Every structure is written in C-alpha cells, then in structure tokens.
1. Do you know which residues across segment 37-60 are buried (at least 17 other Cβ atoms within 10 Å of the Cβ) and β-branched (Val, Ile, Thr)?
2. For residue 75, work out the one condition from (1) at pLDDT below 90; (2) aliphatic (A, V, I, L, M); (3) surrounded by 15 or more Cβ atoms within 10 Å (Cβ to Cβ) it doesn't fulfil.
3. Looking at (1) touching a residue at least 24 places away in the same chain (Cβ under 8 Å); (2) surrounded by 12 or more Cβ atoms within 10 Å (Cβ to Cβ), can you tell me which one residue 34 breaks?
4. Name every residue in segment 62-72 that is buried (at least 20 other Cβ atoms within 10 Å of the Cβ) and either among the hydroxyl-bearing types (Ser, Thr, Tyr) or under 18 Å from residue 26 (Cβ atoms) (or both), in order of residue number.
5. Is it the case that segment 5-15 has a residue that's over 18 Å from residue 75 (Cβ atoms), assigned to a strand (DSSP E or B) and not small (Gly, Ala, Ser)?
6. Taking interchain pairs and intrachain pairs at least six residues apart, which have beta carbon atoms under 7 angstrom, with the first residue in segment 37-65 and within 23 Å of residue 81 (Cβ to Cβ) and in contact (Cβ under 8 Å) with a residue 24 or more places away in the chain and the second of a type outside the set (A, V, I, L, M) and assigned to a loop (DSSP other than H, G, I, E, B)?
Amino acid sequence: MPYINAAQISGNLGKDAETMTTKGGKTVTRFSIASSKKWTDKNNKTLESTDWFRVAAWNNLSKFAGTLKKGDPVLVQGELRTVDGQLIATASVTAQIQTMK
C-alpha cells in the first residue's frame with residue numbers, strides 16, 4: 001500500500017504568523033489556524049466547536065506565509081506530523097500549498 005499522509009485544513013489565523021531562520025539557514029514561518037464548525041442540536045440550540053492546528057511553512061512558502069495576519073482566512077494542504085513520535089492534541093501541519101483571501 002502506498003504511503004499517504006495528506007491533510008487539508010481551512011480556517012482563520014489565531015495570531016500573526018512568525019518567521020524565523022534555522023541554524024541551517026532554512027526559513028520557516030509558524031502560525032496557528034482555528035477551524036470552527038457550527039450545528040443545531042435537537043433542541044434547536046446552535047452549538048460551535050473549534051479545533052486548533054499548528055502549521056509550519058518552509059523556504060519559499062515561508063516568505064508568502066510571513067505576510068499572514070490574525071484573522072486571515074487560509075487553506076493549507078500538507079502532511080500531519082507528530083512531535084518526538086507522540087501524537088499531540090494540536091496536530092502540526094507542514095504546509096505545501098496555501099491560498100488566502
């Protein structure tokens with residue numbers, strides 16, 4: 001079976017994107033996305049749930065992602081990753097393709 005690790009997340013930035021350069025000279029921009037959904041329960045009450053995702057955009061994509069500001073709508077496609085082999089509550093997505101506004 002082929003290896004498939006793909007994620008697509010849309011939402012809004014929780015705070016301004018932050019760009020840094022690694023010791024190896026690679027550029028990375030990190031930001032978080034809030035992805036919310038609303039529904040109506042059987043009592044006709046509107047409910048909402050929000051999931052948060054941490055995103056890392058590398059190299060050329062990092063330059064573009066560095067322009068993102070709090071509240072900007074984004075669509076990120078990438079791979080899900082774990083930290084030190086442990087599944088974490090807020091999954092990290094390594095961005096490969098991104099669109100905004």
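1. The answer is 55, and nothing else.
2. (3)
3. The single condition residue 34 does not satisfy is (1).
4. If the condition is that a residue be buried (at least 20 other Cβ atoms within 10 Å of the Cβ) and either among the hydroxyl-bearing types (Ser, Thr, Tyr) or under 18 Å from residue 26 (Cβ atoms) (or both), then 62, 65 are the ones that fit.
5. no
6. Listed by first residue and then by second, the contacts come to 52/14; 52/90; 53/90; 54/90; 58/26; 59/26.
The values are calculated or read from the model by the stated rules, or taken from the named source; none is laboratory data. Worth saying up front: this structure is predicted, and the values here are computed from it rather than measured. Positions of Cβ are backbone-derived with ideal geometry, glycine not excepted, and every protein chain shown enters the neighbour counts.
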